[in-house]
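Starting off with a structure, shown below.
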Amino acid sequence: MDLKKLNQIIKSAENICARDGVRFTTKRRDIFNIVLHERKALSAYEIAEKLRQTSKTSAPAMSVYRILEFLEQRKLVHKIASVNKYAICAHITCNHEHDMPRLAVCSNCLKVEELASNTPIKQELLASLDAIDFQLQSQQLELIGLCSNCRRNPHKPKGGC
Ligand SMILES: [Zn+2]
Ligand SMILES: [Zn+2]
Ligand SMILES: [Zn+2]
């Protein structure tokens, strides 16, 4: 990702926090940056470890979780329930509302990429679920598969990308 795009994303994240009347504190920003710069989804533990390495400040796992929750509430990051890890939102600089995030999850290396598509599907999906009297808990689609890298190198061990 080029620097201009990165700066736009950070600016948008600041605007989203300002809109909600909440502070984009140094620690929130540090954690946001870690998720932003990593292409693979990260667990809260991995994020805490990277925070310790990069900013030389440590945060207990509990406070990392709270900050991730904060970022998730503002749709700056997504929690991928199927792997219990976090990835950056691909629509931070967009002006449209999220319909339902579509997250492509590689089952081998756990790389997660949110699709650019935002075609409305939520309403129709909810109506279909209603028809079978099913109450949805997840508000996003996790699409499990294999990324191009893992398909080319099928024998790489898990997490080896
Ligand atoms: Zn998103
Ligand atoms: Zn978008
Ligand atoms: Zn992969």
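Quick note: the coordinates plus some simple rules give every number you see, no bench work behind them. Just so it is clear, the structure is predicted and the values come from calculations on it, not from any experiment. Cβ coordinates were reconstructed from backbone atoms using ideal geometry, including for glycine residues, and neighbour counts include every protein chain displayed.
How many lysine pairs are close in region 3-152, with Cα atoms under 12 Å apart and the two 8 or more places apart or on different chains? It would help to have the intermediate numbers written out before the result.
Working: 27/56; 40/85; 40/111; 85/111.
Counting lysine pairs in region 3-152 gives 4.
Please report, largest first and rounded to whole Å, the three semi-axes of the ellipsoid equivalent to region 6-81, where each semi-axis is the square root of five times an eigenvalue of the C-alpha gyration tensor.
Working through the eigenvalues yields semi-axes of 19, 13, 13 Å.
Please give the length that would be gained between residue 99 and residue 25 if that part of the chain were fully extended, namely 0.36 nm times their separation in residues minus their C-alpha to C-alpha distance (nm, one decimal).
Extending this stretch completely gives an extra 23.8 nm.
Counting trypsin sites (Lys or Arg not before Pro) as exposed when in a DSSP loop with at most 11 other beta carbons within 10 Å, what is the longest stretch of the chain free of them?
Between exposed loop sites, the widest span is 57-157.
Can I ask one more? Taking 0.36 nm per residue of sequence separation and subtracting the Cα-Cα distance, how much length would be gained by fully extending the chain between residue 55 and residue 117, in nm to one decimal?
Contour length minus Cα-Cα distance gives 18.9 nm.
For region 80-161, state the average projected area of the convex hull of the C-alpha atoms over all orientations, rounded to one decimal in nm².
6.5
Suppose we look only past 25 Å in the calculated P(r) of the chain. What percent of the Cα-Cα pairs does that tail hold?
The calculated P(r) of the chain puts 36 percent of pairs beyond 25 Å.
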